[in-house]
Amino acid sequence: MGYSPAQVALRWTLQQRAITSAIVGARHTQHLQDNLGAAGWKLEDEALERLNEISHLPDRYPEAMEKNMHERRDAAVDMPIRLS
């Protein structure tokens, strides 16, 4: 690709669904120029998917507890059906 790690990181950030802008800081003109190099191109689908995969954080409480709750609950108890 030929892009710096900072450019790839900024491009990945900008391609996330919920992100509309990225706030960047530059201490030197060179940093600013490097950051601006993240504009005008897009990550390929495979690269974007891979970066999303390796940066995914595990579910935390309460999401982890709630995930598939109904299936776990149904599998935990075998209730006979009563017909009156």
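Here, each number is a calculation from the coordinates, and none is a lab measurement. Model, not experiment: these values are computed from the prediction. Positions of Cβ are generated from backbone atoms using ideal geometry, with glycine treated the same way; all protein chains shown enter the neighbour counts.
About the centre of its Cα atoms, the chain shows a dipole size close to 280 debye [charges on the beta carbon of Lys, Arg (+1) and Asp, Glu (-1) only; nearest 20 debye]. Length available on full extension from H31 to I81: 0.36 nm per residue minus the Cα-Cα distance, which gives 11.2 nm.
Of the residues D34, D74, the one with the fewest other Cβ atoms within 10 Å heads the list, and the complete ranking is D74, D34.
You can think of it this way: the chain between S21 and A64 has 12.6 nm of extra reach, that is 0.36 nm per residue less the Cα-Cα gap. Cα convex hull, region 5-76: 132 Å³ per residue, rounded to a whole number.
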